[in-house]
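Reading through the structure tokens given below for one structure.
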Amino acid sequence: MRWLGLAGLSVVALTLAVVLGPAHVAWADLGRSPIVRELRIPRALLGFVVGGSLAVSGASLQALMRNPLADPFLLGLSGGAGLGAVAAIALHLGGPWALPLAAFVGALVALALVFRLGLVGGGGGGGAELDPRVLLLGGVAVGAFAGAVMTAIISVSEAAQLRNAFLWLWGGLSGASWYTLLVLCLYVPVPLLVLLAAARPLDVLALGEEPARYLGADVTALKRRVYLAASLLTAAAVAVSGVIGFVGLMVPHLCRGVWGQQHRALLPASFLGGGALLVLADTAARVAVAPRELPVGIVTALIGVPLFALLLRRWTAT
Amino acid sequence: MDRDLILALRNVSARYPGAAGDALSGVSLDVRAGDLLAILGPNGSGKTTLVRMALGLLVPATGTAEVLGRPATAWPRRDLARVVGVVSQREENLFPQRVRESVLLGRYPHLSVWGGERAEDHLAVARALERCDVTALADRWIRTLSGGEYQRVRLARALAQEPRVLVLDEPTASLDLRHEMELFELVRDLVDAHGLAAVVVTHHVNLAARFADQVLLLDDGRSAASGPPTDVLTRATVERVFAWPVAIEPFDGRPQMIPLRKPSP
């Protein structure tokens, strides 16, 4: 029943995204219109994959960090990606792939730095361990540093560049094409499967690292796998769509409320829920101030923050 | 007729990096099926270090720590979790969960990566809930349990692993008299009725003396004495190790300790 509801929501979200838009397309023409075929459909599907990836990444990181406030951008990836993107904009790098590639590379550099900072110990006998608390601090530090450099670049650049950079930082799916979708669909399944395969050990990890070891989980390898897979997933999402907040934080919590804590259900539910939510938000972003367009991150924040505040109140009340 | 030797530590030593002395030196212990072993000792005497070593989380600097004849650190964690069930000192409950789900986590070492829970898994959970007398709590949220109920649920989770030995690290640390006694009675029953072995780390000298077959008394990383409670818990030994005057009185054939007031000068 709840799966059916979620599937229904996904279908409705995708349908709305195809039907609605600033340009009016008659019902009869939906199948033939190049606007629908070349713009709306790939954009809707891309939004779905990005939203789903962010939500799965967020759910996994919340379990890994054992912190309900963890989200895909907590660990410095947004800073790295933002710096990459802003650098590409400031350097006038041309071509449709310059910006996403620069953002992706920026995210990877941040990921590698934070990972290295998060590895603790290993000088003596035992191997180095990924320490979630150090990971968190490293993420904040790397993110802050990248943010500072990024702001420095923005502050000396021209007005038009400034506007582009600013809009990019709030996220958007306007770069969507069948080609972007194809690239993403080739890339995303690998980290997604790694995270799905980690569903059961993540259940166990919620008890803490030592209890998880006693229950038979290989915690050292698990933490590395989940951190890397979730971060690579986020890096791809941020490369094609900029920084879209709140999907990765909020959707997993909404799904926890309905599906409980078992990641075998929680991760797939988060994927569908995140996909549907982002597609709805993107449709709103396109339609609300047509013919202009809001960055979709603004819409997710506008919906997400009040909803999240409500959830927080309900939790703390019980 | 030698009962199965499940845990065997021979002459193990441990030293933490940067520490002045050894955390453990030259300690040995044997745990056989049907044995309840209590590990006693003051704070910092090496009890938890010893347990972590027996559970393969710490490599002995010298000596050997073996589970079923194989070095504890050589076991894949999954395989080890089917032999040893642990109730650790602490665990987290970050996201709300129900008792049944939490006990089901004990089936983790028996489940495959992609497969679902099988009938035998639900059966094992039901059996574990029953044995620990928490079947009635199965649909309660973990956070609504009392301390005593929660410890029984955690024991049920360890039982759902279907292990051959249970290791409990200070399982009654914050329990009142009744819940403390109930937990020790439960562990004793499990050992007697199901041929399990159990290792209980505890501060309760008297409970150890009442319930355990063997006692290992640690003092500053060394074994002060080990053997049946009557042999280990003598006045001289207990006073020396705990640095406090005590009287030892027999009760029900077991030694019981009464701490004395410091004599006035």
query = Using a basic spin-label model with each label point 7 Å from the Cα along Cα→Cβ, how many nm lie between B:T234 and A:V156?
reply = 8.2
task = Report the dimensions of the stretch B:135-254 along its three principal axes from the alpha-carbon atoms, largest first, rounded to Å.
result = 50, 31, 28
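Test of understanding: express the Cα radius of gyration of the stretch A:119-197 as a ratio to 2.2 N^0.38 Å, with N the residue count.
1.65
Ranking request for peptides A:26-33, A:93-100: highest mean number of other beta-carbon atoms within 10 Å first, then the rest in descending order. It would help to have the intermediate numbers written out before the result.
Numbers: A:26-33: 10.5, A:93-100: 14.8.
With the highest mean Cβ count within 10 Å placed first, the list reads A:93-100, A:26-33.
For n ≥ 4 DSSP H runs only, could you compute -39500 (n - 2.57) per run for the protein assembly as shown, divide by its residues and tell me the 222 nm figure to the nearest 500? Please report the intermediate quantities before stating the final value.
On the way: 23 runs with 310 residues, N = 583.
Rounded to the nearest 500, the figure is -17000 deg cm²/dmol.
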Descending Cα extents along the principal axes, the stretch B:38-94, whole Å = 34, 29, 19
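Report Rg/Rh for the stretch B:1-140, rounded to two decimals, where Rg is the Cα radius of gyration and Rh the Kirkwood radius. Before the final figure, lay out the partial values.
Working: Rg = 17.9 Å, Rh = 17.5 Å.
Checking Rg against Rh, the ratio lands at 1.02.
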ask   = Expressed as a whole percent, how much of the Cα-Cα distance distribution for the stretch B:97-162 exceeds 18 Å?
value = 28
task = Of the DSSP beta bridges with both residues in the stretch B:136-265, give the percent that are antiparallel, rounding to the nearest 5.
result = 70
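Suppose every K and R has +1 on its Cβ and every D and E has -1 on its Cβ; what is the size of the dipole of the stretch B:97-162 about the Cα centre, in Debye to the nearest 20? Please list the in-between numbers first.
Values: 11 positive and 9 negative charges, 40 e Å.
The dipole of the stretch B:97-162 has a size of about 200 debye.
Rg to Rh for chain A: what is it, with Cα atoms only and Rh by Kirkwood?
Details: Rg = 19.7 Å, Rh = 20.1 Å.
Rounded to two decimals, Rg/Rh equals 0.98.
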inquiry  = Checking the a/c ratio against 1.5 first, then a/b against b/c, what shape does the Cα gyration tensor give for the stretch B:189-265?
reply    = prolate
ask   = Which of rounded, prolate, oblate describes the stretch A:1-160, given a ≥ b ≥ c as roots of the alpha-carbon gyration tensor eigenvalues and a/c under 1.5 marking rounded, otherwise prolate only if a/b is larger than b/c?
value = oblate
ask   = In whole angstrom, how far apart do the alpha carbon centroids of the stretch A:147-204 and the stretch B:68-108 sit?
value = 37
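Which percent of the Cα-Cα distances in chain B go past 29 Å? Show your work: numbers first, answer last.
Details: 11768 of 34980 pairs.
Value for chain B (Cα pairs over 29 Å): 34 percent.
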ask   = One-quarter of the Cα convex hull surface for the stretch A:240-318, in nm²?
value = 5.8
Of A:A128, A:L312, A:N164, farthest towards positive along the dipole that unit charges on Lys, Arg, Asp, Glu beta carbons give the stretch A:2-317 = A:L312
task = Could you check what % of the DSSP bridge pairs in chain B are antiparallel, to the nearest 5?
result = 60
Kirkwood Rh, Cα atoms: Rg over Rh of the protein assembly as shown = 1.08
ask   = Can you tell me the Rg and Dmax of the stretch A:4-89, counting just the alpha carbons, in angstroms?
value = 17.5, 51
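May I ask you to work out the translational diffusion coefficient for the stretch A:140-249 at 4 °C, viscosity 1.567 mPa s, via Stokes-Einstein with Rh from the Kirkwood sum over Cα pairs, reported in whole µm²/s?
77
Contour minus end-to-end for A:F166 and A:A141, with contour as 0.36 nm per residue of separation and end-to-end as the Cα-Cα distance? List each step's numbers first, then the result.
Details: separation 25, 0.36 × 25 = 9.00 nm, distance 2.15 nm.
Full extension from A:F166 to A:A141 adds 6.9 nm.
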note = FRET efficiency (B:M181, B:V59; Cβ distance; R0 45 Å; to 0.05) is 0.75
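How large is the dipole of the protein assembly as shown about the Cα centre if only Lys and Arg carry +1 and Asp and Glu carry -1, each at its Cβ, rounded to the nearest 20 debye? Walk me through the numbers on the way to the answer.
On the way: 52 positive and 45 negative charges, 235 e Å.
Dipole size: approximately 1140 debye.
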message = Starting from the 7 Å offset along Cα-to-Cβ, what nm value, one decimal, do you get for the label separation of B:L260 and B:A19?
response = 3.2
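Among DSSP bridges having both ends in the protein assembly as shown, what percentage is antiparallel? Round to the nearest 5. Could the numbers behind the result be given before it?
Details: 27 of 44 bridges.
Counting DSSP beta bridges with both partners in the protein assembly as shown, the antiparallel share is about 60 percent.
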ask   = What nm value, rounded to one decimal, do you get for the distance between A:A288 and A:A197 when each label is placed 7 Å out toward the C-beta?
value = 4.0
note = Extend 7 Å from the Cα of B:E117 along its Cα-to-C-beta direction; within the stretch B:143-159, residues with backbone N under 20 Å of that point are B:143-145, B:150-159
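Read the figures in this text as sums done on the coordinates, not as results from a lab. Everything quoted here is computed from the prediction, not taken from an experiment. Because the Cβ atoms are built from the backbone with ideal geometry, glycine has one as well, and the counts that use them run over all protein chains shown.
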